[in-house]
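Below: one structure, written as structure tokens.
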Amino acid sequence: MFIKKTKIEGLIILKTKIFKDSRGSLKEVYQRRILKKNFVFDVMSKSKKGVLRGLHVQTKHSQAKLITVTHGKIFDVAVDLRKKSRTFGKYYSLIISEDSDFSLYIPKGFAHGFLCLSNKCTVNYKCSTYRNSKSEKTLKWNDKTLNIRWPVKSPILSNKDKNGEDLNFFKT
């Protein structure tokens, strides 16, 4: 297991090794001695093809997350909303599947979302702080300033995700 940096400071890919044999496979997802982060709870989300969840952020009680796909395939996006960051408003995207030999670590101060690309997908999030519904916000998934290249034009969205804020809201 080792850390691979991305073009956005703090956002990293945690490369893992998958051990395979005739019975199936085993993948270590997290080792504290490598990532050196504490997580207080896990969340698991199941989605069907075409569902887009996000882009979600906790504004006052920010969360770091470790994202792992345990079933299916997703298009995953993290947007830097750290006001003092030189990459504020920039996004990083990648495809993660159950067969990927990595997880994505998203530091505090990022909005996160994903699109389910397979018929069904299951995504596991390790979170550094507990959810605080009063500080939950949604960044508009199709904000023109971000210009995220989602692989679909008309995803399936919750009402919350349909009514996200534009990037300017997060600048203040």
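Quick check: is even one residue across the stretch 137-147 part of a strand (DSSP E or B) and out of contact with any helix residue (DSSP H, G or I) (no Cβ under 9 Å at 6 or more places or on another chain)? No: the stretch 137-147 contains no residue that is part of a strand (DSSP E or B) and out of contact with any helix residue (DSSP H, G or I) (no Cβ under 9 Å at 6 or more places or on another chain).
Restricting Tyr30, Tyr92 to those that are over 30 Å from Lys162 (Cα atoms), touching a residue at least 60 places away in the same chain (Cβ under 8 Å) and among the hydroxyl-bearing types (Ser, Thr, Tyr) reduces the list to Tyr30. Of all residues in the stretch 125-165, those being without any contact (Cβ under 8 Å) to a residue 60 or more places away in the chain and in contact with a strand residue (DSSP E or B) (Cβ under 8 Å, 6 or more places away or on another chain) number 4.
Taking the criterion of being out of contact with any strand residue (DSSP E or B) (no Cβ under 6 Å at 6 or more places or on another chain) and not hydroxyl-bearing (Ser, Thr, Tyr), the residues of the stretch 82-93 that qualify are Arg82, Lys83, Lys84, Arg86, Gly89. When Ser47 is tested against (1) farther than 15 Å from Asp161 by Cβ; (2) part of a strand (DSSP E or B); (3) of a type outside the set (A, V, I, L, M, F, W, C), just one condition goes unmet, and that condition is (1).
Selection of the stretch 134-172 for residues being surrounded by fewer than 17 Cβ atoms within 10 Å (Cβ to Cβ) and of a type in the set (Gly, Ala, Ser) yields Ser135, Ser154, Ser158. Any residue at all in the stretch 149-164 that's in a loop (DSSP other than H, G, I, E, B), at pLDDT 95 or above and among the basic types (Lys, Arg)? Checked against the condition, which is being in a loop (DSSP other than H, G, I, E, B), at pLDDT 95 or above and among the basic types (Lys, Arg), the stretch 149-164 yields at least one hit. As a summary of the residue check, Lys20 satisfies the conditions (1) assigned to a strand (DSSP E or B); (2) of a type outside the set (A, V, I, L, M, F, W, C); (3) loosely packed, with under 14 Cβ neighbours inside 10 Å; (4) modelled with pLDDT of 95 or more except for the one numbered (4). Taken as a whole, the condition of being more than 11 Å from the chain's Cα centre (by Cα), within 28 Å of Lys153 (Cβ to Cβ) and touching a residue at least 60 places away in the same chain (Cβ under 8 Å) applies to Thr87.
The values are calculated or read from the model by the stated rules, or taken from the named source; none is laboratory data. A quick note: this is a predicted structure, and the numbers were derived from the prediction, not measured. Note that we place each Cβ from the backbone using ideal geometry, even for glycine, and neighbour counts take in every protein chain shown.
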